[in-house]
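The values are calculated or read from the model by the stated rules, or taken from the named source; none is laboratory data. Predicted model only: the values in this text are computed from it and were never measured. Note that we place each Cβ from the backbone using ideal geometry, even for glycine, and neighbour counts take in every protein chain shown. When the accessible area is computed, the model is the full protein with side chains, heavy atoms only, and any ligands, DNA or RNA have been set aside. Shrake-Rupley method; radii C 1.70, N 1.55, O 1.52, S 1.80 Å.
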Amino acid sequence: MRFPFNLAAPSAVLPAGVAENSLFLADFFPEIALLFFETESCLAYTDEDLPPWLADLPCSWHVHMPLDLPWEAGIDTVWQKIDGLIDKLALVSPHAYVLHPPTAPDMLPALADRLRDKGVPPSRFLIENVGLCSLTPVWDEVVEGGFSACLDIGHILAYGQRDILRLPGLWERVRMLHVYGAERDMRHWPLRELDPVGQVLLRHLVDRTSDITLTLEVFREEELFDSLDLFAQWFSQWSNNK
């Protein structure tokens, strides 16, 4: 089924490395989310982890930036890490970088200045709502810095974050949705776990956004493809009922 947006899968559904996962997923998804969850190990990637032939795969790319960036050490230290990761990722020319909000205040405007100096528009960095920080506390910094947004449906539901859906100017900044059934027991569950309330929310998110990437953030092969089939069924029903 064709969708009016890019559909992405995470680069961690097979018990293998980034390259093997990407080679497999490129046959099924028009976009791949490179999961760069750990700063130092990803900075240490070699051509074996990120071989040059990745750039030849028939897909586009975005990156989930590390969860352990050392914000508490200050913007100079954080920028050194982010700058190195951007350079390492240059071979696949990612169109977006998903970033969890900083754990320290006043970091996003300073990061935006560093990105502009490097020639990277801050709008290519998508700030995601997470359990420890919805977008609400940092929204002024997101707007001031010129960043975009990524909405994670599992976090909205699990942590009671519906308030972010009323943030001023939100929808013009949303560039990505993270979609899966539920977040519990430290894992993402397949889309079949999304209850009727969550299904209504998912349709609302899809209806309110355009020119986005929808990432099925499910990390097991069978569950990923089951979620893909189910989402296609739902989307077809929503389209027919408009």
For the stretch 189-242, restrict the atom set to alpha-carbon positions and state the Rg and Dmax in Å. 11.3, 33
So, for the chain, what is the accessible surface per residue at a probe of 1.4 Å, expressed in square angstrom? 46 Å²
Values of log10 I(q)/I(0), in the order q = 0.13, 0.14, 0.22, 0.24 Å⁻¹, for the stretch 139-242 under a Debye, Cα-only, solvent-free model: -0.48, -0.56, -1.25, -1.40
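Over the stretch 129-242, what is the relative contact order in percent, taking alpha-carbon pairs closer than 8 angstrom and at least six residues apart?
Once divided by the residue count of the stretch 129-242, the mean separation gives 23 percent.
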Relative contact order of the chain (C-alpha contacts under 8 Å, at least 6 apart) in percent is 18 percent
Fraction of alpha-carbon pairs in the chain farther than 32 Å apart, rounded to whole percent, equals 17 percent
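Take the alpha-carbon positions of the stretch 1-98, form their convex hull, and give its projected area averaged over all directions (one quarter of the hull surface) in nm².
Values: hull surface 26.6 nm².
Averaged projected area of the stretch 1-98's Cα convex hull equals 6.7 nm².
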Considering only L165, L126, L177, give the residue with the highest GNM mean-square fluctuation for the chain, with springs between Cα atoms whenever their separation is below 10 Å. L165
Below 12 angstrom from the Cβ of E193, what's the summed charge of the other residues (Lys, Arg +1; Asp, Glu -1)? -2
On a full-extension model of 0.36 nm per residue, what is the gain between D76 and D106, subtracting their alpha-carbon distance, rounded to one decimal in nm? 9.5 nm
Expressed in nm to one decimal, what extension gain is obtained for the pair S210 and V197 from 0.36 nm per residue of sequence separation less their Cα-Cα distance? 2.5 nm
Furthest towards positive pole of dipole, P30, S148, V138, structure part the stretch 1-151, Cβ charges: P30
For the chain, the accessible surface attributable to carbon and sulfur atoms (probe 1.4 angstrom, ligands and nucleic acids excluded) amounts in percent to 50 percent
Restricting to DSSP H runs of at least four residues, report the calculated mean residue ellipticity at 222 nm for the chain, -39500 (n - 2.57) per run over all residues, nearest 500 deg cm²/dmol. -10500 deg cm²/dmol
GluC sites (Glu not before Pro), restricted to the stretch 1-72: which are DSSP loop and have at most 15 other Cβ atoms within 10 Å? E38, E48
Antiparallel content of DSSP bridges confined to the chain, in %, to 5: 15 percent
What is the P(r) of the stretch 162-204, as percent of Cα-Cα pairs per 10 Å bin from 0? 23, 47, 28, 2
GluC sites (Glu not before Pro) lying in DSSP loop within the stretch 165-242, provided at most 14 other Cβ fall within 10 Å: E172
